[in-house]
């Protein structure tokens, strides 16, 4: 049995996985999405369908950005495979160059629940999609109003991102991990990506695999790149891929 639980990142929602879901379901994968419920979508925390005692069960947690810290800890702990898409252990680099990042994050925090909130979120999503353009479907989804309860989660999750300083709680050291890095990521600092790889190497029994993508940004949108992730999951590559 092959199943996936996917978790979006900060200010995102489960709709971002629509192309991923189609591709994996067409190859007989079971697919579920977690939802934080920032907008007028109900929060949802799925559980695994298949017992690990069954023969050849593959449980895959796919997490985008902050999603690795937002996913249910029990779900993450019992995943046999974990895909970390432009993710991090510590978001703000531990170096003297981190001041601009701290200032930018604090500005974003202060704008939440003000008239400038929508403009800030739209700017964030445009930056997350660079160098690609935000498609019409994603744009409409991102323009949905934040709910009152969702706004509280949005603010608390931004605090979680700012204060992050270690690997996601619950990550099993026996999991096989794929790191997906976009070389044109306008959200994550290169030092942040390097720190994640170092932390995973120290934590895991098996060295993580790294895929470097040259034509996608912080948000992975290209079909060919989704298929690269699927290929790794189906063949359990044990070496870096470009």
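Every number here is computed from the coordinates shown, using simple stated rules; none is lab data. The structure displayed is predicted, hence computed values, not measured ones. A quick note on method: Cβ atoms are made from the backbone with ideal geometry, for glycine too, and the neighbour counts reach across all protein chains shown.
Between 42, 164, 14, the Gaussian network model of the chain with springs among Cα atoms under 10 angstrom shows the greatest mean-square fluctuation at 42. Over the chain, with a Gaussian network built from C-alpha contacts below 10 Å, which listed residue (15, 81, 231) shows the highest mean-square fluctuation? The residue with the greatest mean-square fluctuation here is 231.
The distance from the alpha carbon centre of segment 95-117 to that of segment 75-94 is 23 Å, rounded to a whole number. A Förster radius of 25 Å combined with the Cβ-Cβ distance from residue 184 to residue 159 puts the calculated FRET efficiency at roughly 0.35. Seen through its C-alpha gyration tensor, with square-root eigenvalues sorted a ≥ b ≥ c, segment 29-99 comes out oblate because a/c lies at 1.5 or above while a/b is not bigger than b/c. Rounded to the nearest 500, the 222 nm mean residue ellipticity of the chain from helices alone is -11500 deg cm²/dmol, with -39,500 (n - 2.57) taken per DSSP H run of at least 4 residues. From the Cα gyration tensor of segment 30-158, with a ≥ b ≥ c the square roots of its eigenvalues, which class applies: rounded if a/c is under 1.5, or else prolate if a/b is larger than b/c, or else oblate? Prolate is the answer for segment 30-158, as a/c is 1.5 or above and a/b outweighs b/c. In whole Å, how far is the Cα centre of segment 21-49 from that of segment 200-231? That distance is 19 Å.
Computed from Cα atoms alone, the Kirkwood hydrodynamic radius reported for the chain is 18.2 Å. Could you list the residues of segment 148-179 with an amide nitrogen less than 19 Å from a label point located 7 Å from the Cα of residue 102 in the Cα-to-C-beta direction? Residues passing the 19 Å test: 158-166.
Extension gain for residue 119-residue 73 works out to 13.3 nm (0.36 nm per residue, less the C-alpha to C-alpha distance). Between the helical axis of 117-129 and the longest alpha-carbon principal axis of the chain there is an angle of about 40 degrees. At full extension, residue 18 and residue 51 could sit 9.3 nm farther apart than now, given 0.36 nm per residue minus the alpha carbon distance. How far is helix 148-163 tilted off the main Cα axis of the chain, in degrees rounded to 10, range 0 to 90? Result, in degrees: 70. Counting only alpha carbon atoms, the long axis of helix 190-203 and the longest principal axis of the chain meet at about 40°. Each of residue 26 and residue 191 was given a label point 7 Å from its Cα along the Cα-to-Cβ line. The distance between the two points is 4.2 nm.
For the chain, the share of DSSP beta bridges that are antiparallel, to the nearest 5, is 5%.
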